[in-house]
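Structure record follows, encoded as structure tokens.
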């Protein structure tokens, strides 16, 4: 069995991992505080879902161009630019909130600007990991990334719930702004090799985009994983909408309960990430891919019937575990398959599907919750997710039977 910390032997990745740990705690503090602030200002599930849509819609608009940029520009340089931009946006939201001037439209505009920045940051970060650790330690690095993401998901919402309840959400946003300094410092401290030049870049952006999409279309291993990811993200990964509604409207709690529920989900995801780190040497496996997706949908259906915070936290922990197992296996399957020169473009499509469909998922969840209630929305989302998975499974079996191709997760 490989070491669960194998990827930390790479100096650049150690720096990145430590910087991300600090920064992600701040990010989760802002995510939690912002959702609660929107509900306090508007008391509208639909408007909360609209913020999610504004925050992720730019990924769809700019995602393909961002992938070309990620393949042409040194990734560390791009990340320094995007992380600095995210820091500035956090400080602006903090200033508006702390001075009592914040309005819903301020949050909406800043969410859209954050989405534009993340459209370039996301695929660059995804593609940067393999440059730090190589393909041999890639799944381990993705699992360790997931572990710190979910340690932050435990700590950040809990701290944010306390800070928001005692001091107000503005201080959560300010702390997030400060936390970006850690990852920016880590990026500056890295020692990078000269960037590889795969091809002359006199070709048009459109030609590069077509090449990336063409590769996905003729590579069933990658296409099927991206299709599965898109369906699950649309129908079953709307917890950013559901959890605050579950805490406030169903369980009749406050910001503290909301932070507690988000932390429970993060704890489950952390357990899943640590487990993946221990088995990362085996590579991506189909059982993890399918099993994680099914468990995620089933737990969402179960949450529709829960009216007790303790039981809700258990199911959210299971959902967090399932989410990480599924998403990390998707990520690794794609990255070990794609050639290096196309990595940025393919990962931009991956990120577009993972994050870019969030506006549709958020509006789907928010609209259902507004009209029929949060429990009904969760039930419909989970059932629709399961039906979508069954449909993709049937399609893949027929396609694999005709073409003799490998199943997703069996690299």
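Figures for the structure shown
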read-out	value
Single match in 279, 213, 271, 226 (criterion: out of contact with any strand residue (DSSP E or B) (no Cβ under 6 Å at 6 or more places or on another chain), farther than 16 Å from residue 45 by Cα and at pLDDT below 85)	279
Check on residue 153, modelled with pLDDT under 95, outside any helix (DSSP H, G or I) and at negative phi	no
Count of the stretch 161-178 residues which are in a helix (DSSP H, G or I) and over 11 Å from residue 28 (Cα atoms)	11
Complete set of residues in the stretch 24-51 that are under 25 Å from residue 181 (Cα atoms), surrounded by 22 or more Cβ atoms within 10 Å (Cβ to Cβ) and under 18 Å from the mean Cα position of the chain (by Cα)	24, 25, 26, 28, 29, 30, 32, 33, 34, 35
Residues (in a loop (DSSP other than H, G, I, E, B) and either exposed (fewer than 15 other Cβ atoms within 10 Å of the Cβ) or touching a strand residue (DSSP E or B) at 6+ places or on another chain (Cβ under 8 Å) (or both)) located in the stretch 75-112	99, 100, 101, 103
Test: residue in the stretch 148-161 that is farther than 23 Å from residue 10 by Cβ and over 20 Å from the mean Cα position of the chain (by Cα)	yes
Residue 72 vs. criteria more than 21 Å from residue 357 (Cα to Cα) and modelled with pLDDT under 90	yes
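The values are calculated or read from the model by the stated rules, or taken from the named source; none is laboratory data. Just so it is clear, the model here is predicted, and its values are computed rather than measured. Cβ coordinates were reconstructed from backbone atoms using ideal geometry, including for glycine residues, and neighbour counts include every protein chain displayed.
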